[in-house]
Amino acid sequence: AVNAQPEPLARLLRALSTHGIGVELPDGRFAHTDTSRLLREDAPRSLRYTCLWATEPWTWELWPHLDEAVRTGKSAFADLFGTEFFDYLHTAEARESSEVFDKAMTQSSILSARAIADVLNVDGAERIVDIAGGQGRVLATLLERHPALRGTLFDLPDVVVGADPRLLPGGALADRAALVGGDCRGEIPVSADVYLLKNILEWDDESTVRTLRNAAAAARPGARVVVIENLVDGSPEARFTTAMDLMLLLNVGGKKHTEDGLRALIQQAGLRLDAVTPVNSYLHMFESTVV
C-alpha cells in the first residue's frame, strides 16, 4: 500500500516502536499505540500536520546550521533561502509547505480552542479581538460559547480571507464577527475589551514588546490583554516546546519563553500583569491590564 519493501519497512516500524510509535506483535505485525494514532488525520487529537510541518523539506536544510545559529543568535533561514521565512511561504516554491503550515496552525487551534474557552473569563466584555488568529477557530469557539460577545479576527489580509466559514459573510457567526487585515507588529487598529494573542509572541524580544505595545495603544485603560503561550519551563510538554524553541531560532530568529521571561516582556510593554494560570498541560495564560 505504501510502495515499500517489507523487510526495510519492518526495520523502520521497529525503530519507531522503540519510541512508542506503534508496537511490534509476536507474529511480526505492528499495531497502533495511542502515540502512533496521533499521526492519523482522523484522530480526535491528531498531530498529523504538526509533524509534517516540523519535517518539511526546508527543515532538513536548516538543522545542520544549528551550530551557527547558536553562536550568532540569529536565524539561518534568509542566508539559505534568500528571503525571510514567512515571505518564503508565499512563494510558488513553497506552496505545499504553506498549505501544511496553515493546516498545522488550524490543527493546533482545534486542540486548544475548547480549553481556552473553558478558562478565559469574558464577563463584562462586549468585544474581543483575536490578534494574528489565523482562520479564527479560537474566536469562533468563544463567540459560540458567549452569544452576547462580538469579535474581530485580525491577521494578514491573505489570511483573513480564508477564515473559518462560521465567521465569513453568510456564516453562522458573521453578524457578530469582523475580519480585519493587517500586521500586528505595525499597528492594531481595533478597539476591544479583550485582546487575545495566542502562540504568536515567538519572534525576537523587540518584536514581541512592540506588538504588546500596539495592543495597549489601541485599547482604552482597563482593557485586558491575554497572552497564551507554550513555556519552556514548568510544562509536561517540555520536550516538544524546547525542540520548537530551537526551530524558531533557526527559521525566524525567535523563541519560546520561560515564565519569568514572558512576564518581563509584558511588563516592559507597560502592561500590568495580573495573573498567570495554566490552560492545559502545554499552554499558560498571562492576563494583563492596560493602565
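Given the criterion within 22 Å of ASP175 (Cβ to Cβ) and either without any contact (Cβ under 8 Å) to a residue 12 or more places away in the chain or over 19 Å from the mean Cα position of the chain (by Cα) (or both), identify the matching residue among ARG95, ARG127. Going through ARG95, ARG127 in turn, just one is within 22 Å of ASP175 (Cβ to Cβ) and either without any contact (Cβ under 8 Å) to a residue 12 or more places away in the chain or over 19 Å from the mean Cα position of the chain (by Cα) (or both): ARG127.
Condition test on ARG127, is it at pLDDT 95 or above and either within 30 Å of ALA192 (Cα to Cα) or not aromatic (Phe, Trp, Tyr) (or both)? When the stated conditions are applied, ARG127 passes them. Against the criterion of being surrounded by 19 or more Cβ atoms within 10 Å (Cβ to Cβ), under 18 Å from LEU283 (Cα atoms), in contact (Cβ under 8 Å) with a residue 24 or more places away in the chain and hydroxyl-bearing (Ser, Thr, Tyr), SER109 qualifies.
Of all residues in the stretch 20-43, those that are open to solvent by 60 Å² or more (accessible area, probe 1.4 Å) and under 26 Å from THR106 (Cα atoms) total 8. Of note, ASP204 does not satisfy the criterion of being under 15 Å from GLU259 (Cβ atoms), out of contact with any strand residue (DSSP E or B) (no Cβ under 6 Å at 6 or more places or on another chain) and open to solvent by 20 Å² or more (accessible area, probe 1.4 Å).
In the set (1) part of a loop (DSSP other than H, G, I, E, B); (2) of a type in the set (A, V, I, L, M, F, W, C); (3) open to solvent by 10 Å² or more (accessible area, probe 1.4 Å), the condition left unmet by ALA216 is number (1). The condition (being within 23 Å of GLN135 (Cα to Cα), modelled with pLDDT of 95 or more and either within 19 Å of the chain's Cα centre (by Cα) or hydroxyl-bearing (Ser, Thr, Tyr) (or both)) is satisfied by just one residue among VAL252, VAL190, VAL227: VAL227. Filtering the stretch 44-78 down to residues that are under 12 Å from VAL100 (Cα atoms) and loosely packed, with under 12 Cβ neighbours inside 10 Å, which residue is farthest from the chain's Cα centre (by Cα)? It comes out as PRO57.
Taking the condition of being open to solvent by 30 Å² or more (accessible area, probe 1.4 Å) and of a type in the set (A, V, I, L, M), how many residues in the stretch 274-291 meet it? Counting residues in the stretch 274-291 that are open to solvent by 30 Å² or more (accessible area, probe 1.4 Å) and of a type in the set (A, V, I, L, M) gives 3. Can you name the number of the only condition in (1) open to solvent by 40 Å² or more (accessible area, probe 1.4 Å); (2) closer than 21 Å to LEU249 by Cα; (3) in a strand (DSSP E or B) that LEU179 fails? Every listed condition holds for LEU179 apart from (2).
Against the definition (among the hydrophobic types (A, V, I, L, M, F, W, C), outside any loop (DSSP other than H, G, I, E, B) and either under 18 Å from LYS198 (Cα atoms) or in contact with a Gly (Cβ under 9 Å, 6 or more places away or on another chain) (or both)), how does LEU167 come out, yes or no? It is false that LEU167 is among the hydrophobic types (A, V, I, L, M, F, W, C), outside any loop (DSSP other than H, G, I, E, B) and either under 18 Å from LYS198 (Cα atoms) or in contact with a Gly (Cβ under 9 Å, 6 or more places away or on another chain) (or both).
The values are calculated or read from the model by the stated rules, or taken from the named source; none is laboratory data. Since we're looking at a predicted model, the values are computed, not measured. Methodologically, a virtual Cβ is constructed for each residue, glycine included, from the backbone with ideal geometry; neighbour enumeration extends over all protein chains shown. Note: accessible area is taken over every heavy atom of the protein model, side chains too, but ligands, DNA and RNA are not part of it. Shrake-Rupley method; radii C 1.70, N 1.55, O 1.52, S 1.80 Å.
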